[in-house]
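In what follows, a single structure is set out as structure tokens and then discussed.
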Ligand code: LLP
């Protein structure tokens, strides 16, 4: 069920008309639905059911503290990839015991802080990282619970920039070398080996790559058990895709049932790190048409949101639907929706059949994940505000940046 609906030609989020939000708060603006976030998270929690494990929301998808707080209140855990994301989770009231720490470049300082907070698990991505973690844990007099992120060498069949489970990628430890690294981990001081972790990519629309990866992980787990190294949890990462256009990703429940079935008699807790499948279709980016500029080659509609607000189209040729907030009668044309940034790659959509006039408002759909979190200040553009809708209420969960925010920390020299 979508919480973004069309009613008599106007686009609503829950019970609020998006054109009212645009008029009151201005554009560009990210708008999220509380009900959508909640429903998408609960789909995972309910599918996991009584099986031991945890749903650790991938903070990188959307890290606004209001949203993290809502998820924390629903009982979510969190997958973080930096000290900054850890601070956000803690600020939002997240439980440190429900944090897993992923990422290829953890620093000693980040490790120390995470150990002091007592996080659930480090997803270790390389041997030098494992050695450093042991050293830091010894210095702190604490024990680090770890999973090794293994690279199972499966093709996630997704965009090359968001595919991570192939041998050629920088992520994880080659699965063929994993037993050796587990042996090392088992003998290192202040390291408690708990899990096997993998994340093969993002926006997967088929089950098969997940299940292939799982088959390989289970061979590893069984082999380790024979050697006396007992694994208590599997972390299968994130990656379940969403519908941007006409993709038909598997339902969460089907995904999880297939995984549970494969576990057979093994007593393994299950962890997941979903990001996009919780956040993407819980948010939109509102923008206004500034100018219409039909040329011989293209009809350009220049809008007030740009690649600095949502870089996905420029970076991955990602397609996100673009809808008018109020449907307009009249002739449609094919428009390229381009932003004010001085780059040819600055577009949010191309060849979209729309009836447009200057001043019209549009929504870039499916913008709740990897939208605001990838925004920048390029061209000294303030980052958009973020708004959360709950029923008929609108909350400002992040104010629009102003010029003072933009130059904070900069200094001119005096001579
Ligand atoms: N766990 C790990 C270790 C990850 O690297 C990621 C995403 C996730 C979980 C969450 O994956 P999800 O459920 O969201 O697919 N910026 C790109 C996506 C990059 C994903 C990076 N890692 C985009 O906008 O499509």
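The values are calculated or read from the model by the stated rules, or taken from the named source; none is laboratory data. Since we're looking at a predicted model, the values are computed, not measured. All Cβ positions, glycine included, derive from the backbone under ideal geometry; neighbour counts span all protein chains shown.
Considering each of 141, 103 in turn, give the residue that is within 16 Å of the ligand (Cβ to nearest atom) and either farther than 16 Å from residue 194 by Cβ or surrounded by fewer than 23 Cβ atoms within 10 Å (Cβ to Cβ) (or both).
Numbers: 141 fails: within 16 Å of the ligand (Cβ to nearest atom).
Being within 16 Å of the ligand (Cβ to nearest atom) and either farther than 16 Å from residue 194 by Cβ or surrounded by fewer than 23 Cβ atoms within 10 Å (Cβ to Cβ) (or both) holds for just one of 141, 103, which is 103.
Can residue 312 be described as within 16 Å of the ligand (Cβ to nearest atom) and either within 25 Å of the chain's Cα centre (by Cα) or under 26 Å from residue 387 (Cα atoms) (or both)? If you could, list the steps in order and put the result at the bottom.
On the way: within 16 Å of the ligand (Cβ to nearest atom): yes; either within 25 Å of the chain's Cα centre (by Cα) or under 26 Å from residue 387 (Cα atoms) (or both): yes.
Against the criterion (within 16 Å of the ligand (Cβ to nearest atom) and either within 25 Å of the chain's Cα centre (by Cα) or under 26 Å from residue 387 (Cα atoms) (or both)), residue 312 qualifies.
Go over the candidates 253, 279 one by one and state the one that is within 12 Å of the ligand (Cβ to nearest atom) and either part of a loop (DSSP other than H, G, I, E, B) or in contact (Cβ under 8 Å) with a residue 24 or more places away in the chain (or both).
Values: 253 fails: within 12 Å of the ligand (Cβ to nearest atom).
Going through 253, 279 in turn, the sole match is 279.
If you take just the strands (runs of 3 or more DSSP E) that sit entirely in segment 345-415, which of them hold at least 3 residues that are over 23 Å from the mean Cα position of the chain (by Cα)? Before the answer, list the steps.
Numbers: elements: 347-354, 361-364, 385-390, 393-398.
Answer list for segment 345-415: 347-354.
Do we have residue 397 as within 17 Å of residue 244 (Cβ to Cβ), modelled with pLDDT of 95 or more and surrounded by 13 or more Cβ atoms within 10 Å (Cβ to Cβ) here?
no
Do you know which of the residues in segment 147-175 that are more than 10 Å from the ligand (Cβ to nearest atom) and out of contact with any strand residue (DSSP E or B) (no Cβ under 8 Å at 6 or more places or on another chain) is farthest from residue 229 (Cα to Cα)?
160
All but one of (1) buried (at least 16 other Cβ atoms within 10 Å of the Cβ); (2) in a helix (DSSP H, G or I) hold for residue 146, so report the exception by its number.
(2)
List pairs: first residue in segment 199-224 and within 18 Å of residue 57 (Cα to Cα) and within 14 Å of the ligand (Cβ to nearest atom), second residue in a helix (DSSP H, G or I) and modelled with pLDDT under 95 anywhere in the structure, Cβ distance under 8 angstrom, at least six positions apart or on different chains.
What qualifies is 201/162; 202/162; 203/162.
Out of 372, 300, which single residue is within 16 Å of the ligand (Cβ to nearest atom) and farther than 14 Å from residue 22 by Cα?
Details: 300 fails: within 16 Å of the ligand (Cβ to nearest atom).
It is 372.
Starting from segment 299-326, keep only residues that are touching a residue at least 60 places away in the same chain (Cβ under 8 Å), then list their pairs with residues that are within 15 Å of the ligand (Cβ to nearest atom) and assigned to a strand (DSSP E or B) whose Cβ atoms are within a distance under 6 Å, requiring at least 6 positions of separation or different chains.
305/285; 310/285; 320/364
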